[in-house]
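A quick write-up on the structure given underneath.
What follows draws every value from the coordinates through simple rules; no lab data is involved. Predicted, not measured: the structure shown is a model, and the values here were computed from it. Backbone-built Cβ (ideal geometry, glycine too); neighbour counts: all protein chains shown.
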Amino acid sequence: MTAFWILAPVMVLAALGILFVRKAVHAALLLAVVMISLAILYAALEAPFLFAVQIIVYTGAILMLFLFVLMLVGVDASDSVVETIKGQRWLAFLGGALLATLLIVGIAQISLGAVVGLEDANSDGNVQGLANIIFSHYVFAFEVTSALLITAAVGAMVLAHRERLTPKVTQGDLAKQRMRDYAESGKHVGPLPPPGVFARHNAVDTPALLPDGTAAESSVSRVLAARGTVRSAPAEAHHVDEIEAQLHGDLPAADVPADDRPADDREGDEA
Amino acid sequence: MTIPEANLWGLAAEGGGHEVPVIDPGAASGVFSLMWLVIALPAAGALVLLLGGALFDKAVSRWGHLLGCATVLGSFLVSLAMFVGLLGRDEAERQVGQHLFTWFQAGSLDVGFDLLYDQLSALFLLLITGVGSLIHIYSIGYMEHDPRRRRFFGYLNLFVAAMLMLVLAGNYVGVFLGWEGVGLASYLLIGFWQHKPSAAAAAKKAFVINRVGDIGLSLAIALMFVTFGTTAFSTISEVSGEASESTLNAIGLLLLLAACGKSAQVPLQAWLLDAMEGPTPVSALIHAATMVTAGVYLVVRSNFVFELAPAAQTAVVVVGAVTLLWGAVIGCAKDDIKKALAGSTMSQIGYMMLAAGLGVAGYAFAIFHLLTHGFFKANMFLGAGSVMHGMNDDVDMRHYGGLRTEMRFTFWTFLFGYLAIIGFPGTAGYFSKDKIIEAAFGENIWVGLAALLGAGITAFYMTRVVLMTFFTKPRWEKDVHPHESPLVMTVPLMILGALSLVGGLMMFGWIGDWLAPVVGAEEHHDLPIPVWAIIALTLTVVAIGVGIAWMLVQQREVPREAPQDVSFVTRAARADLYGDAINDTLVVEPGAATVRALTAIDDGVVDGAVEGGALAVAGAGSRLRRLQNGFVRSYALTILGGVLLVALTLMAVTLA
Amino acid sequence: MNIEAYIALSAILFSIGTIGVLTRRNAIVVFMCVELMLNACNLALVAFAKQHGNLDGQVTAFFVMVVAAAEVVVGLAIIMTIFRTRRSASVDDASLLKY
């Protein structure tokens, strides 16, 4: 019972947490706590097979499925805490509390007597015992379950399937499209120019320089441009000069702030 | 038909005081086994003409009218043969019954399709088939140019068959069959020219008013079955003494109601005058010789009930007396020749009802007058038809005048009928009507005076009809060229004219004795006034009536348009003595008001409740549907509510 | 060692799951709460199996897990489909089927 008294408050708290956390991911993690705790309780209740299944199927498969879907929907999405249906929240809490009270009072009214325990049933091993029952007495239910699983799988595939509405675009089509764009709007046919690469480091954040000395905007990723982390080529050139001078001992290294420098810069320093 | 133990009851009834003649028919043998043919022939004719006509219209139309006449003539021949056969039998064996088949059987009710041929039926059979044949033959000429003559003859045959069923039936259910058949056929015939709205309305009116009477007959039959356990004449006539007088009075009054409907007696008289919308042979057949006599037949046939029901008998007398004056007054004011004759018919049937109500003293005379009336009224109706035939179907007597030279046969035959109806000494009506007046005086001085007054009025209006039609100056329409009708129409007139003259003489001597086994023998009774005085009084009154008519019609110019500034009495008589107004006020308008009130209640209360309920449900629904707000979590909350409810209940039940 | 405490824990977890289903709007979290309720039931089943000394409770819990797996597969697929068309995983947004 020690395990129970340790785990029970944890489980209740985790379950309550599911009610109140705003992010679905946190709810999933709290649910994982409850499920693993349950698995341990199963072990304590002489159900080693269910202990394994709980960990593997529930925590491992089902909960992971939840997390996958959460990722598809958006991990960041968080619920609004404002209740929109009038009276729903307090009625729900009232009803839930009433239900719990009813159930506990109901259980308190009965006396179950001494616990028989599963020593006899598990004498040949828990898995063997379960297998004996499942493949004899419950074999029909078991077979029906298999049909249910197949149906569920097919159903999920049907639901997730998206019909192709347009013909598949081939490489030839893409090439033709590109030439057509060039003919109509003068869009450049070839690949975009690569970013400027200085000998010192792999500078994808530094635009290439055109022959007239200006920077080619299309040579750096738009994401970097949006973050505002694009370096300008002349400033970089100046920086390179300074470092060269440093290397030759003309200027003290402290002039250059360490934080300003990119990581591979510092590596270069150490090297 | 003979029930062994019924004889015991008959003896008991004889021992129990009032004696009524018991009908005890013997088996049909010899010529009497053809009894069913009398009905079957016209019925088959109707079947062929109406159903066959629908399939082979052209072929049947070519000989349909001949077939129609042949079937009725065949019936007449069978009737005649049976009549002769009856004459040859002993008086005790003159009642013949024929059981054709069991009609229906339910519990203790066992109705056979039984025919009864006795002295009463025999006379009716001769009248119906004889006069019917003449009218059929006459119709060949009258309906010659009607494209639906085949159908007309089909209806006529149907009518005759129904009427024969009525008078030949051996039980009241059979009578009812014929009764309803007559009602149907009269509806079809009155409305034969249904393209005229007035004819259609008249047919409907006749049918509806007849239904009122039919209720009486059906209730009477039901009451008789409850009381006697049977509807057969033979059994009821034997055991009628067993029933209480109040029951018999009830039966008698119900039968009287039926008779009033069919015989156009006050208060159910309103349909007869409108029924003149039918073709004239129909008027002659239905409204003179046969259909309207059915009521009289019913009362006379049910003598075993009426003899033991004095209250009902008195009612019959009152109805008869009122109707004979009512009809006579109407007849005085009508310018339409057929309506004047219809008023006359109503009045004469009133005489018969009066006689029938007098009991044993009057039954035979009722039938006697019925037969003579059948002759002279058919004669006059057909004569009127002949006049109309020559006057382009104009019925207004104010457009007639001086026709005696133009239509000699018609005039003379009509004159014979006229003499008969006013009771000119020696003619048919003289014997029959005087006997009724005598019997009426024997019953009650006031009834006698009413009958006497009726005779005077009859003389007045019939003289008026004859004068306006055949005498006075011609007042014809411009394009009218009066001409005598063809032989096929005048020959029946001649036969009927002859019967009008001598029919009374033919039957006067023996009809009372002949009918005695059916209706009972006349007891001798003293009259308050000697017989010769009554005869003299009657003739005087008739002469006064004729004289007044002579002065008012012959001695003055007859205006072509009916004068409007006339006395109240004339106006009332022209309006059928407000018979329709009385019906409207007493029945139609309260009925309509009730229906309007019921409609209002239906619209307001019933519909209001139904529609209000619907609105309430709809309103509740439109509020309740707010619960269906689309939020899954709300639904889940209600599920939780249900779970809690169940859990709480379980807990309460288990812990309690 | 008695199992009343396990059953009480099971009841509490079940009720908390119920409240979660009723109050959370993110469909995935609602689904997690349903799983929590199923797990609470499983705990009760396993506890009763021990109480009665036979393995039927455990077998039932096992079947519950299998069914839950199937249910999660289909349920999450449905949530994905809804999300794909509505760009939202809130159960309140799918509320067009109403009066």
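Before moving on, here are some points about what is shown:
- Once the Cβ-Cβ distance of B:Glu611 and B:Thr585 is raised to the sixth power relative to R0 = 35 Å, the FRET efficiency obtained is 0.45.
- C:Ser88-A:Leu13 pseudo-label distance in nm [points 7 Å out on the Cα-to-Cβ vector]: 3.6 nm
- Across the stretch B:167-181, rounded Karplus estimates of 3J(HN,Hα) from the backbone phi angles (6.51 cos²θ - 1.76 cosθ + 1.60, θ = phi - 60°) give 8, 9, 5, x, 8, 5, 5, x, 4, 4, 4, x, 4, 6, x Hz, Gly and Pro being marked x.
- Overall dimensions of the stretch B:112-216 as given by Cα atoms, namely Rg and Dmax in Å: 15.0, 43
- Packing-based exposure ordering (other Cβ within 10 Å, fewest first) of B:Trp550, B:Trp271, B:Trp179: B:Trp550, B:Trp271, B:Trp179
- Residues in the stretch B:392-409 carry Karplus couplings, in order, of 6, 6, 7, 10, 7, 5, 5, 9, 9, x, x, 7, 5, 7, 7, 10, 5, 4 Hz; the curve used is 6.51 cos²θ - 1.76 cosθ + 1.60 with θ = phi - 60°, and Gly or Pro positions show x.
- Shielding of peptide C:71-84 by partners, expressed as the average count of other chain Cβ atoms within 10 Å per residue Cβ, is 6.
- Distant-in-sequence amide H partners of B:Gly112 (H built 1.01 Å from N, under 5 Å): B:Trp103
- At an R0 of 35 angstrom, the distance between the Cβ atoms of A:Gln246 and A:Ser218 translates into a FRET efficiency of 0.55.
- Net charge of the neighbourhood of B:Leu166, taken over other residues with C-beta under 14 Å away and scored Lys/Arg +1, Asp/Glu -1, is -1.
- To the nearest ten degrees, helix B:589-601 and the longest principal axis of the Cα atoms of chain B are 10 degrees apart.
- Estimated D of the stretch B:396-523 in µm² per second, where Rh is the Kirkwood radius over Cα pairs and Stokes-Einstein applies at 4 °C, 1.567 mPa s: 78 µm²/s
- Annotation note: trypsin sites (Lys or Arg not before Pro) in the stretch A:76-170 located in DSSP loop regions with a Cβ neighbour count of at most 16 within 10 Å are A:Lys86, A:Arg162, A:Arg164, A:Lys168.
- Debye-formula intensities of the stretch B:459-527, expressed as log10 I(q)/I(0) at q = 0.15, 0.19, 0.24, 0.26 Å⁻¹, are -0.83, -1.02, -1.14, -1.15 (one equal scatterer per alpha-carbon, no solvent).
- Counting, for every residue in A:160-170, the Cβ atoms of other protein chains within 10 Å of its Cβ and taking the mean gives 1.
- Pairwise alpha-carbon distances in the stretch B:384-447 exceed 18 Å for 54% of all pairs.
- Using alpha-carbon coordinates, inclination of helix B:632-655 to the longest axis of chain B, degrees: 90 degrees
- From phi via Karplus (6.51, -1.76, 1.60), per-residue ³J(HN,Hα) for the stretch A:234-249 in Hz, x at Gly/Pro: x, 5, 5, 4, 4, 4, 4, 4, 4, 5, 4, 5, 4, 4, 7, x
- Put in line by how crowded their Cβ is, counting other Cβ atoms within 10 Å and starting with the fewest, B:Val282, B:Val646, B:Val447 read B:Val646, B:Val447, B:Val282.
- Cα gyration tensor of chain B - equivalent ellipsoid semi-axes, whole Å, descending: 53, 34, 27
- Averaged over the residues of A:39-51, the number of partner chain Cβ atoms lying within 10 Å of the residue Cβ comes to 5.
- Chain A - charge dipole about Cα centre, Lys and Arg +1 at Cβ, Asp and Glu -1, debye rounded to 20: 1560 debye
- Surrounding net charge for B:His481, when Lys and Arg each add one and Asp and Glu each subtract one, Cβ distance under 15 Å: -4
- In this simple spin-label model, placing a label point 7 Å from the Cα along the Cα-to-Cβ direction at both A:Trp90 and B:Val491 gives a separation of 11.3 nm.
- Stretching the chain fully between B:Ser33 and B:Leu645 yields a gain of 211.5 nm (0.36 nm per residue, less the alpha carbon separation).
- Exposure proxy order (Cβ contacts within 10 Å, fewest to most) of B:Phe365, B:Phe424: B:Phe424, B:Phe365
- Helix B:310-333 axis, angle to chain B major axis (alpha carbon atoms, nearest 10°): 70 degrees
- Estimated dipole of the stretch A:91-239 in Debye, rounded to 20 [Cβ of Lys and Arg +1, of Asp and Glu -1, Cα centre]: 880 debye
- Look at the alpha carbon pairs under 8 Å that are at least 6 residues apart: their mean separation over the length of chain A gives a relative contact order of 9 percent.
- Chymotrypsin sites (Phe, Trp or Tyr not before Pro) within the stretch A:49-144: DSSP coil, no more than 16 neighbouring Cβ in 10 Å: A:Phe135
- Residue pairs, from the table B:Lys204/B:Lys435; B:Lys58/B:Lys204; A:Lys23/A:Lys86; B:Lys338/B:Lys473; B:Lys204/B:Lys433; B:Lys334/B:Lys473, whose Cα atoms sit over 28 Å apart: B:Lys204/B:Lys435; B:Lys58/B:Lys204; B:Lys204/B:Lys433
- Taking every C-alpha pair closer than 8 Å and separated by at least 6 residues, the mean separation divided by the residue count of chain B gives a relative contact order of 13 percent.
- Long-range amide H partners of B:Leu403 with built H, under 5 Å: B:Phe470, B:Phe471
- Calculated FRET efficiency for the pair A:Met71/B:Ala597, C-beta based, R₀ 56 Å, to 0.05: 0.10
- Calculated mean residue ellipticity, 222 nm, chain B: -23000 deg cm²/dmol, from DSSP H runs (n ≥ 4) at -39500 (n - 2.57) each, averaged per residue and rounded to 500.
- Pairwise label distance in nanometres, B:Ala70 with A:Ala237, each label 7 Å out on the Cα-Cβ vector: 14.0 nm
- In chain A, helical runs assigned H by DSSP with n ≥ 4 each contribute -39500 (n - 2.57); averaged across all residues and rounded to the nearest 500, the mean residue ellipticity at 222 nm is -18500 deg cm²/dmol.
- For the stretch B:460-547, the set of GluC sites (Glu not before Pro) satisfying both a DSSP loop assignment and a count of at most 10 other C-beta atoms within 10 Å is given as B:Glu523.
- Start at zero, step by 20 Å, and the Cα-Cα distances of the protein assembly as shown spread as 10, 25, 13, 7, 14, 17, 9, 4, 1, 0 percent across the bins.
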